Amino acid sequence: MTFGSPESTIVQEDTMIENGVIADNLNPSHISLKVCPPSSEAYRAIVPQLATLLKSCIDANITMNFIQPFSIEDASAFWLSAEENVVQKKQFVIIAQESSEDEADDNDSRHEQHVQRGPPVILGCVILYLAQLPNAKHRAEVGKLIVGREHRKRGIGKMLVDRMEDEARKHGRKILVLDTETGSGAELFYERVGYSKAGVIPDATLAPDGKQYTSYTYFYKRL
C-alpha cells in the first residue's frame, strides 16, 4: 500500500441521502458489522461475494481503479492480492451482513465481532489500510467502501464507516485519509459524516469505460 497514490483509495459510498439529508433513521436493526479475522481460510471464503460487489461498481462505470471489460476473475484477483496484508494485520476488511435478532442486539454495543461460520450474505464492505512507514504509524487510509445496489439507502455506508473508524482507533490511528470521485454522491456523503476536504486533483484518472477523465477530491478526518 502506497499512501499518497490516488489510485489507491477510490471509494464508493452508500448513497443514503434523501433531499440532502443523511438518512440515519433508515439504519436497519438486523445488520451486523464484522471484521474478517486474519485467517486465509476465512478471508478466501468471502472473496467471491466481495468480488461481486466490486464488479458491480465497475460495470456501473464507478471509478475504482479498474477499466472495463472487468471480469469476476479480475475482481477476485484484486481481493486475493490483499490476502497477505489481511493475514499480517496491515489492512482490515470490514463487512456488513444481515443478522439475526440476537446478533443485532449484540451489534448495538459495537464491540469487535468476527466471522465465525460459513460465508455470510455480504451487503457491503470497507477496507482500512494501516500506514506502515515508520513516521506514519498514526495514520490510516480508507478504501473500497462499497454497498450493494439493492441494499443502499439503509444507512449501511455510515455503519461501515463508523465501525471502520472504531477499528482505526483500536490500532492507535489518529487521522484517516481517502479520496473519492469529484462531483459524485460520495463527496456529500463524506462531508456529512465529518470528513474535511483537503483538495482536488483534476482529471486524475479515466472512468472505467475509458471515455472520460475523472477528478479526485481528497478528504481527511481526525479521530
Q: Identify the single condition in (1) on the phi > 0 side of the Ramachandran plot; (2) open to solvent by 60 Å² or more (accessible area, probe 1.4 Å) that Pro202 does not satisfy, given that it satisfies every other one.
A: (1)
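Looking at the stretch 134-154 only, could you name the residues that are in a loop (DSSP other than H, G, I, E, B) and within 23 Å of Asn65 (Cα to Cα)?
Of everything in the stretch 134-154, those that are in a loop (DSSP other than H, G, I, E, B) and within 23 Å of Asn65 (Cα to Cα) turn out to be Gly148, Arg152.
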Q: Could you tell me whether any residue of the stretch 70-89 is farther than 28 Å from His171 by Cβ, at pLDDT 95 or above and assigned to a loop (DSSP other than H, G, I, E, B)?
A: yes
Q | Every residue from the stretch 29-62 that is in contact with an Asp or Glu (Cβ under 7 Å, 6 or more places away or on another chain), over 23 Å from Ala131 (Cβ atoms) and outside any helix (DSSP H, G or I) | A | His30, Ile31, Ser32, Asn61
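Condition first: closer than 22 Å to Ile156 by Cα and among the hydroxyl-bearing types (Ser, Thr, Tyr). Can you find one or more residues in the stretch 196-208 that meet it? Walk me through how you get there before you give the answer.
First, pick out the residues of the stretch 196-208 that are closer than 22 Å to Ile156 by Cα: 196.
Within this subset, residues satisfying the condition of being among the hydroxyl-bearing types (Ser, Thr, Tyr) are 196.
Scanning the stretch 196-208 turns up at least one residue that is closer than 22 Å to Ile156 by Cα and among the hydroxyl-bearing types (Ser, Thr, Tyr).
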Q. Somewhere in the stretch 15-34, is a residue among the small types (Gly, Ala, Ser), at pLDDT 95 or above and crowded, with 18+ Cβ neighbours inside 10 Å?
A. no
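The values are calculated or read from the model by the stated rules, or taken from the named source; none is laboratory data. The shown structure was predicted, so the numbers you read here are calculated from the model rather than taken from an experiment. Cβ: placed from backbone, ideal geometry, glycine included. Neighbour counts: every protein chain shown. We work out accessible area using only protein heavy atoms, side chains counted, and drop any ligands, DNA or RNA first. Shrake-Rupley method; radii C 1.70, N 1.55, O 1.52, S 1.80 Å.
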